[in-house]
1. Assuming residue 102 fulfils every condition listed in (1) farther than 30 Å from residue 30 by Cβ; (2) without any contact (Cβ under 8 Å) to a residue 40 or more places away in the chain; (3) touching a helix residue (DSSP H, G or I) at 6+ places or on another chain (Cβ under 8 Å) apart from one, which condition is it?
2. Regarding the range 99-117, can at least one residue be identified that is buried (at least 18 other Cβ atoms within 10 Å of the Cβ), assigned to a helix (DSSP H, G or I) and modelled with pLDDT of 85 or more?
3. Restricting attention to the range 145-183, which residues are modelled with pLDDT of 65 or more and exposed (fewer than 13 other Cβ atoms within 10 Å of the Cβ)?
4. Check whether at least one residue in the range 72-95 is over 19 Å from the mean Cα position of the chain (by Cα) and either under 22 Å from residue 169 (Cα atoms) or assigned to a helix (DSSP H, G or I) (or both), and report yes or no.
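The values are calculated or read from the model by the stated rules, or taken from the named source; none is laboratory data. As the structure is a computational prediction, the values presented were derived from the model and not from experiment. Positions of Cβ are generated from backbone atoms using ideal geometry, with glycine treated the same way; all protein chains shown enter the neighbour counts.
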């Protein structure tokens, strides 16, 4: 083999490696975006359930106005969040206010027996489970992208083409527990 052939083989191998690495970054980034979209769908479902829950509670516990307003404000803040960190903080606040709402509902036996309230609780519990699963899926994809972005020699390709690590969707210590839904 001549030097020209060896150089050509090395050059072709390097170009193939660059193409494969770039395509892997694109796939990882798109998987993370898809996973975020799954979280977004579940959060939207949760946001849609909350007004119905508030209205149901309002009918039985009208003097709990301050708590109902806190739930509404937390929902509005969560819907307006832009970054992953803002979403995580707003969702943690919303979870805390929902926990308070369910705790207050314990004081109203008629409310606890209401078919609408029970159905909303069931739907909210199901949604919370789906949010938790979507969050794990998102964080798994972000982890894979971040490992690839920060690993040698792939980090050079990542920097060259503008691939950056993404933020995890974390829960603070108060929100690590699911929303308590009691029947």
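1. The single condition residue 102 does not satisfy is (2).
2. no
3. Scanning the range 145-183 gives 147, 150, 151, 152, 153, 156, 159, 160, 161, 162, 164.
4. Yes, the range 72-95 contains at least one residue that is over 19 Å from the mean Cα position of the chain (by Cα) and either under 22 Å from residue 169 (Cα atoms) or assigned to a helix (DSSP H, G or I) (or both).
Results for (1) in contact (Cβ under 8 Å) with a residue 40 or more places away in the chain; (2) closer than 29 Å to residue 115 by Cα; (3) touching a helix residue (DSSP H, G or I) at 6+ places or on another chain (Cβ under 9 Å), shown as yes or no for each residue.
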residue	(1), (2), (3)
12	no, no, no
15	no, no, no
21	yes, no, yes
24	yes, no, yes
40	no, yes, yes
49	yes, yes, yes
58	no, yes, yes
65	no, yes, yes
68	no, yes, yes
